[in-house]
Each structure stands twice: as structure tokens, then as C-alpha cells.
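Note sheet for the following structure.
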Amino acid sequence: MTAMLPETLTPHPSMQLRMAQRDKATSVPPPLSFAPLGQAVLESFGEGVVVFDAYGRMIYANQRARKVVDSLGDATFLRGGALRERLVALGGRARSLKQGSAELGEAIFLADGAHAKTLAERERQAILDTLEQTHGKLAETARRLGISRTTLWRRLRAYGLRPDARGSHGPPARV
């Protein structure tokens, strides 16, 4: 057989242009990877951290976050936006990752074990965290939480917590 002429193998120039435009529009670069130093930093966080690239692909999850992601079920179902939305629904806090004006992606921060906690457990933890931040000052804690001091006292009693014996200074002691 004779060799085919090159013109029979190449598409029409207008078709080449459309194919090139389509390829550019649908091509997504390969996912970024983290350097070992970046992984070590993320593993040191006390909460789960899931990092998504600018295309919505999960590129890294620290060990705490992997436990949460694994508990959600089928990973193929949770690709792209579905995983992100599920993590946010579980109480994850989304933060965009930027370098200057360039949008690099997004990080979702998951409180330790927050996916399994009830609303009451989350409220109790929020009160404890805020009391720690305010050094046990009940009025300031109530103000930051957006509740009255009376409501804060009721919540402390309901959760079996009481102010320290030194007065309203210091975090509450457990009963």
C-alpha cells in the first residue's frame, strides 16, 4: 500500500481552530501537590483541614480531616463541589486561599470531631472556648456569644459547669 497523504489526515483549518478552542476550554491542569513542609504544617493543626484547588478538586486533607472524609462514604460520589458542600454542612469553615490577586483555591477547617457532635455539645464547646478566650469573664463571654448573662448562667448550670471559686475570673470548673 502507498502512504497516505498528509492532507487526508488533517482536518479542515476551521475544524482545527474549533478543536483547539474546545481543548483549551475543557483542559484542566493536573492537581497541585504539597511539599513535605506544607504537609507537616497542616498535620500540626488541631483541627481537620481539607484543601481544594481553584478547580474544586481536593488536593490535600490532613489526618484528622481524612477521618471525616472517610466517614462520609463513597469518595466518587463526593467529588468536586459535593464534598465541599458536605463539609460546610457539617460545620466546616471555608477560607479562600489567595496569593495577591490570584485565587489559588480554598481550605475547609473542620473542628475536631464536630461532625459527630450534637448542637448542645457544640454550644457547650463554644461556651468553654469563649470563656477561655475571655479568661473566665462571664459578661464578656456573654457579649461575644450574643446572649445575656442570665442565659449564660443557665447554660453553665445545664452543662454542669460553674464559675471558679475565685469569682468570675478564670475558666469555669467542671462539677
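The values are calculated or read from the model by the stated rules, or taken from the named source; none is laboratory data. None of these values were measured; they are calculated from a predicted model. Heads up, the Cβs are rebuilt from the backbone with ideal geometry, glycines too, and the neighbour counts pull from every protein chain shown.
Quick notes on this one:
- Of the residues examined, THR141 is not one that is out of contact with any Asp or Glu (no Cβ under 8 Å at 6 or more places or on another chain), at pLDDT below 90 and among the polar types (S, T, N, Q).
- Elements of type helices (runs of 4 or more DSSP H) in region 1-82, at least 3 residues being at pLDDT 70 or above and closer than 26 Å to ARG93 by Cβ: 36-43, 63-71
- Close Cβ contacts (under 7 Å, 6 or more residues apart or on different chains) running from residues in region 144-164 that are over 15 Å from GLU132 (Cβ atoms) and assigned by TED's automatic domain parsing to the domain that holds LEU131 to residues that are of a type in the set (Gly, Ala, Ser) and modelled with pLDDT of 90 or more comprise SER148/ALA142; ARG149/ALA139; ARG149/ALA142.
- For region 103-125, the count of residues that are part of a loop (DSSP other than H, G, I, E, B), hydrophobic (A, V, I, L, M, F, W, C) and out of contact with any Lys or Arg (no Cβ under 9 Å at 6 or more places or on another chain) is zero.
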